[in-house]
Amino acid sequence: MTAEPSPATAVPTAAEAAFASLGGEPAAPGTVHLVGGGPGALGLVTTRAARLLSTATFVAYDRLSPPEALAVCREDVELVYVGKLPDRHALQQEEINALLVEKAQAGEAVVRFKGGDPFVFGRGSEEAQSCVAAGVPFEVVPGVTSSIAGPAFAGVPVTHRGLSPAFAVITGHEDPTKDDTQVDYAALARFPGTLVFLMGVGRIRRIADALIAEGKSADTPVSSVRWATTPKQEQVEGTLGTIADVIESTGFSSPAVTVIGEVAALADELGWFADRPLHGRSVVVPRTRQQASELSRRLRALGADPVEAPTIAIQPSRDPDGLLTAVERMRDGVYSWVGFTSRNGVDAVMDAIREAAGDVRWFADVQIAAVGSGTAEGLEAFGLRADLLPDSFTTRGLGMALAEAADDPERPVLLPRADIASEKLSEMLTAAGVEFHEVEAYRTVPADGLDPEVADRLRSGDVDAVALGSSSTVRNLVSLLEGRPHPDVAIVSIGPVTTATCEELGLTVAAEADPHDLDGLTDAVVRALTTP
Ligand code: SAH
């Protein structure tokens, strides 16, 4: 009997293939790509932007371009920060223009990565002019602009039937009390629609006063949102007459978008982003250096700001010959199934196959079982699809599925695993009478050290919680921290064994997961941080 493949293991569909090609052609050598990165949220980076970033050889980015997006860049990319700080210019605009042209002329595939849209107060058009002057080809990739997305994430539509038939986006960078301002406040005061100011928090009093002086009602609703679309998003509300006091008294600062108009009053009714259960809460997620965390993804979806802290490093197996023999036997059809419990296991097995001058065809005579979407993604990176991906992302789920699927008594199951893997899987297979062969594929050791910033935040209580997924994580964390986190940091444990280790080390657990998996752990974080 062969296990029914789960839906997640079908061959790539036309839709998936189409998705992969959405980003278009890679970044072209000798060309400057002026790319908008959106207002901050990762999901608001366009597919074209991601495609260009991941293929560029030279990337110049600035303060408001989402930094996490740079993770898709090539390993050998040259990354240069050319951002401006409010009080200081890292590079003058002319220097940036010259740099982009020079790199393109040297044959680099250049991406100029900017916050929001490159042509909305982004000086992208000046960079384009430099390209034209130098005869360098360029491409403009519009981005999701903060002038529209910022208000939208605060529950403020820039237009609304019956309230506002138009909107204007205005720079707040110019001082309205100066004669040389290009902004016509008299015209703006009469503008029949929504006014959206960028870069204006520092000058909000002068802007509001100028509009009132030109006849705009002091009762006009105003809403201002800072760090919109990110876990740091905050917003304040008032009227044209009160907003300056509100902003000054709350210490609200840049980067912020300020909306002036009747639509601003909809924020109460339509606010949604900041209402998510973990909005703005920071959660330390210990993980391995090599592995992006599924937990972080789940926490982020609930609004949290995951702080990833590598506490474990992955090292090669102490039994490389055993691993090599195992993959050769797999090639020879000795095993009926190979069961992967982690992405590291997949990587280690592929490394061993490569070492033996083999390739993915060595998987031709074996069926593949995997637990966890990270593991499945690890397989997909090599063009492999799991035949069996249990719905329950636990070792237990894998054990149950394999116990049923592996029914060839002549051909055992191969289990490449970590040195410290739990015995649950082997116990379940033994109980089910399934022959198996375990091999150490890799080893986990404590990381060299904790990021000093993360360590400081844990010690001083500048994070809300830490999510602990295993006893070894607890031990590693306490040893790397050389002590316990601040008592205000909520300790969240994945289950009784981890909780017992916490208690042994003097940590009080605020919430324990049930079920003992990532969903349970995510729920436990919510409980720990939302129960009064
Ligand atoms: N090209 C950008 C704007 C650059 S000017 C765009 O289209 O969005 C920089 C200003 O943009 C900031 O001073 C602030 O007013 C606004 N801004 C950018 N990102 C923001 C964010 N995440 N939240 C609030 N305002 C933001």
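The values are calculated or read from the model by the stated rules, or taken from the named source; none is laboratory data. All figures in this text were calculated on a predicted structure; none of them were measured in a lab. Heads up, the Cβs are rebuilt from the backbone with ideal geometry, glycines too, and the neighbour counts pull from every protein chain shown. For accessibility, only protein heavy atoms count, side chains too; no ligands or nucleic acids. Shrake-Rupley method; radii C 1.70, N 1.55, O 1.52, S 1.80 Å.
Name every residue in the stretch 188-201 that is within 10 Å of the ligand (Cβ to nearest atom) and in contact (Cβ under 8 Å) with a residue 60 or more places away in the chain, in order of residue number. If the condition is that a residue be within 10 Å of the ligand (Cβ to nearest atom) and in contact (Cβ under 8 Å) with a residue 60 or more places away in the chain, then Val196, Phe197, Leu198, Met199 are the ones that fit. Scanning the stretch 152-184 for residues that are outside any loop (DSSP other than H, G, I, E, B) and within 9 Å of the ligand (Cβ to nearest atom), we see that the one that is surrounded by the most Cβ atoms within 10 Å (Cβ to Cβ) is Phe153.
For first residues located in the stretch 424-451 and at pLDDT below 90 and open to solvent by less than 20 Å² (accessible area, probe 1.4 Å), partners that are outside any strand (DSSP E or B) and not aromatic (Phe, Trp, Tyr) and lie 6+ apart or on another chain with Cβ distances below 6 Å form the pairs Leu425/Thr395; Leu425/Gly399. Considering each residue of the stretch 377-399 in turn, none proves to be small (Gly, Ala, Ser), surrounded by fewer than 18 Cβ atoms within 10 Å (Cβ to Cβ) and under 24 Å from Ile491 (Cα atoms). Exactly one residue among Val169, Val196, Val158 is farther than 18 Å from Ser254 by Cα and assigned by TED's automatic domain parsing to the domain that holds Gln235, and that residue is Val158. Among the small types (Gly, Ala, Ser) and surrounded by 22 or more Cβ atoms within 10 Å (Cβ to Cβ): is that true of Ala406 in this structure? Yes, satisfied. Restricting attention to the stretch 135-151 and to residues that are within 27 Å of the chain's Cα centre (by Cα) and open to solvent by less than 30 Å² (accessible area, probe 1.4 Å), the residue that is farthest from the ligand (Cβ to nearest atom) turns out to be Val141. Within the stretch 215-233, if we keep just the residues that are within 16 Å of the ligand (Cβ to nearest atom) and of a type outside the set (Val, Ile, Thr), the residue that is most open to solvent (accessible area, probe 1.4 Å) turns out to be Lys232. Determine whether Leu44 is outside the structural domain of Pro390 (by TED's automatic domain parsing), modelled with pLDDT of 90 or more, within 16 Å of the ligand (Cβ to nearest atom) and not acidic (Asp, Glu). So Leu44 passes the test.
Please determine whether any residue of the stretch 266-283 is in contact (Cβ under 8 Å) with a residue 24 or more places away in the chain, within 16 Å of the ligand (Cβ to nearest atom) and out of contact with any Gly (no Cβ under 9 Å at 6 or more places or on another chain). Checked against the condition, which is being in contact (Cβ under 8 Å) with a residue 24 or more places away in the chain, within 16 Å of the ligand (Cβ to nearest atom) and out of contact with any Gly (no Cβ under 9 Å at 6 or more places or on another chain), the stretch 266-283 yields no hits at all.
For every residue, the table says whether it meets (1) at pLDDT below 95; (2) among the charged types (D, E, K, R).
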residue	(1), (2)
Gly280	yes, no
Val283	no, no
Arg289	yes, yes
Arg297	yes, yes
Arg300	yes, yes
Asp305	yes, yes
Thr325	no, no
Val338	no, no
